[in-house]
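The values are calculated or read from the model by the stated rules, or taken from the named source; none is laboratory data. If you're wondering where the values come from, they're calculated on a predicted model, not measured in any experiment. Here the Cβ positions follow ideal geometry from the backbone for every residue, glycine too, while neighbour counts run over all protein chains shown.
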């Protein structure tokens with residue numbers, strides 16, 4: 001009897017884990033794509049997620065169907081991300097601000113966006129209006145249709161990113177810029193445009209992740225995105241920062257581990273366990289599962305603008 | 001002066017002292033050595049919790065409404081000193097993990113993640129340091145010896161000032177010595193410092209632990225004064241306030257950092273306290289954070305060297321000092337200064 005209960009809890013929690021992992025994968029892939037191409041640690045990423053959620057919320061409140069809210073969220077994310085890069089990060093990089101300064105600029109930007117949202121919308125919880133969804137039993141786990149949709153969207157997004165990176169000229173240019181920006185420029189790649197596009201795509205993925213996150217958790221506030229940032233960074237680091245496929249696997253590992261851990265311990269411990277996984281990985285393999293080993297050459301990469 | 005004014009002024013002075021100490025510690029790590037410590041606030045918190053549990057007594061006291069470990073009643077100033085020790089040990093452990101093999105922006109990420117883990121652990125372990133609600137009713141040191149309320153306040157100001165002086169001489173002893181030169185060399189040109197035979201990893205670790213001890217002591221003093229401490233008071237963004245103070249004042253310059261600590265966390269928070277309440281609740285707080293963020297960005301753009309920039313240190317070439325070009329550098333010197341001189345830009 002005990003084994004049965006144990007097993008069903010495991011299946012249930014793996015199911016929830018896959019939902020969390022789906023959202024996390026979208027967020028972590030966006031984060032790692034942008035970081036890999038530009039080397040700029042964008043600590044405002046989580047707050048762009050919140051901004052996107054508010055964008056979707058406004059459209060949703062106006063009575064638009066759910067898919068329009070998705071597009072509004074993605075657009076908000078993409079636009080915020082590009083504006084942030086164009087008008088804040090890039091001028092600082094061009095002015096010669098070094099890495100320490102840039103990290104502080106990013107943290108300041110994060111605090112400003114979060115508190116601007118707080119000032120604009122107020123310190124309460126918000127909810128997206130949803131059509132009624134039914135539950136489905138899949139392989140012993142009970143999930144709502146909405147959760148299945150989230151997993152489906154994530155799989156589609158990951159396939160799209162994969163196709164983009166592998167099959168398009170833009171994807172090749174991104175990988176080249178990520179590997180060696182000077183060489184990429186010398187080969188005639190317009191790295192400026194590549195970096196701009198990376199911020200745009202990362203912002204879109206970030207917005208999508210933000211909308212899915214607040215759909216899954218049912219309610220959100222101005223700190224929801226920044227709370228999610230840390231686990232996003234953890235997933236990206238687990239896979240090796242800049243490694244899109246690493247981020248996907250890192251997200252699945254973290255998503256499942258946190259939900260399974262939450263099922264057997266207290267649910268409030270799930271983040272602690274996720275971070276413990278990260279700290280262990282950092283100790284054993286600082287470059288992440290799929291990252292390049294840190295050498296003198298890769299130690300201090302310049303920020304590409 | 002009326003009693004209210006005295007209470008207000010003395011409280012401000014204690015806050016100023018604590019912030020100045022903390023900023024000196026952070027400056028040692030960040031301004032002088034170039035370590036991105038985005039988890040600085042957790043070392044202050046470690047010191048505060050240690051001091052708290054070592055003065056509160058066993059957790060059956062006060063009707064046992066709080067749960068924490070290691071409760072005992074150590075005599076003043078031991079709990080505060082122990083706060084420094086615990087924060088130092090914690091920074092040694094964290095420094096050993098993060099400072100050695102990680103790229104510098106990875107370090108920033110890991111520090112940020114650690115700061116969040118620390119908050120989550122303190123919030124969720126209800127029996128560790130009383131979880132989410134935190135510690136309260138922490139006895140003030142020697143409060144039974146001094147009966148007058150204002151007298152006690154002034155006594156605490158004097159004690160904080162004394163602690164500031166000790167911390168200042170400690171920090172100054174490091175930054176003006178050859179050791180400080182070696183730390184600045186690590187900041188400005190890590191490989192040049194290593195090529196000159198400096199042990200970069202151990203220099204970084206030294207600066208990290210020294211800053212951690214100072215943070216712990218500042219936390220201990222703060223908690224002895226305000227008598228309560230909870231996870232809400234040390235969220236990771238609080239480190240941004242201290243970083244902003246260091247940048248505004250002038251990183252690498254102890255006097256500038258003191259000025260920054262008085263301007264940003266102290267003066268700024270006090271001015272906004274007197275703004276008339278307007279808008280919805282939380283609106284002023286939100287604006288306060290927006291201004292803090294804009295302040296650090298604005299300084300990084302317009303005046304990255306801060307109000308009082310780090311002194312440019314000039315050294316005469318060895319020939320003018322009467323030492324042969326191939327000869328040894330003066331006695332006790334930590335090695336020649338690397339060729340690059342900081343231009344005050346972050």
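Restricting to the stretch A:35-52, count the residues that are part of a helix (DSSP H, G or I) and within 26 Å of residue A:246 (Cα to Cα). Result for the stretch A:35-52: 11.
Yes or no, residue by residue, for (1) crowded, with 17+ Cβ neighbours inside 10 Å; (2) over 15 Å from residue B:252 (Cβ atoms):
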{"site": "B:165", "(1), (2)": "no, yes"}
{"site": "B:172", "(1), (2)": "no, no"}
{"site": "B:184", "(1), (2)": "yes, no"}
{"site": "B:191", "(1), (2)": "no, yes"}
{"site": "B:194", "(1), (2)": "no, yes"}
{"site": "B:197", "(1), (2)": "no, yes"}
{"site": "B:202", "(1), (2)": "no, yes"}
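Within the stretch A:96-108, restricting attention to residues that are part of a helix (DSSP H, G or I) and at the interface with chain B (Cβ under 7 Å from one of its Cβ atoms), the residue that is nearest to residue B:293 (Cα to Cα) is A:108.
Each residue in the stretch B:134-159 was checked for being under 28 Å from the mean Cα position of the chain (by Cα) and in contact (Cβ under 8 Å) with a residue 60 or more places away in the chain, and 15 pass. Selection of the stretch A:190-239 for residues being surrounded by fewer than 24 Cβ atoms within 10 Å (Cβ to Cβ), part of a loop (DSSP other than H, G, I, E, B) and either in contact (Cβ under 8 Å) with a residue 60 or more places away in the chain or at positive phi (or both) yields A:218, A:219, A:221, A:223. Selection within the stretch A:249-272: residues that are within 10 Å of chain B (Cβ to nearest Cβ) and surrounded by 18 or more Cβ atoms within 10 Å (Cβ to Cβ). The member of this set that is nearest to the chain's Cα centre (by Cα) is A:271. Of all residues in the stretch A:111-123, none satisfies being assigned to a loop (DSSP other than H, G, I, E, B), away from every other protein chain (no Cβ under 14 Å) and either at pLDDT 75 or above or touching a strand residue (DSSP E or B) at 6+ places or on another chain (Cβ under 6 Å) (or both). Among the residues that make up the stretch B:105-114, is at least one of them part of a loop (DSSP other than H, G, I, E, B) and either at the interface with chain A (Cβ under 10 Å from one of its Cβ atoms) or farther than 19 Å from residue B:213 by Cβ (or both)? No: zero hits.
Restricted to the stretch B:176-286, the set of helices (runs of 4 or more DSSP H) holding at least 3 residues that are within 17 Å of the chain's Cα centre (by Cα) comprises B:200-226, B:238-249, B:254-261. Condition test on residue A:154, is it surrounded by 20 or more Cβ atoms within 10 Å (Cβ to Cβ), modelled with pLDDT of 85 or more, within 21 Å of the chain's Cα centre (by Cα) and within 14 Å of chain B (Cβ to nearest Cβ)? Taking the combined requirement at face value, the residue does not satisfy it.
Whether a residue is part of a strand (DSSP E or B) and away from chain B (no Cβ under 13 Å) was assessed, and residue A:132 does not pass this test.
Across the stretch B:115-133, the number of residues qualifying as surrounded by fewer than 22 Cβ atoms within 10 Å (Cβ to Cβ) and part of a loop (DSSP other than H, G, I, E, B) comes to 4. Return yes or no: is residue A:246 farther than 30 Å from residue A:125 by Cβ, modelled with pLDDT of 85 or more, outside any loop (DSSP other than H, G, I, E, B) and in contact with a helix residue (DSSP H, G or I) (Cβ under 6 Å, 6 or more places away or on another chain)? In short, yes. Residue count for the stretch B:162-205 satisfying the condition of being touching a helix residue (DSSP H, G or I) at 6+ places or on another chain (Cβ under 8 Å) and at positive phi: 0.
Of all the listed residues (B:49, B:36, B:68, B:15), the sole one being within 14 Å of chain A (Cβ to nearest Cβ), buried (at least 16 other Cβ atoms within 10 Å of the Cβ) and in contact (Cβ under 8 Å) with a residue 24 or more places away in the chain is B:36.
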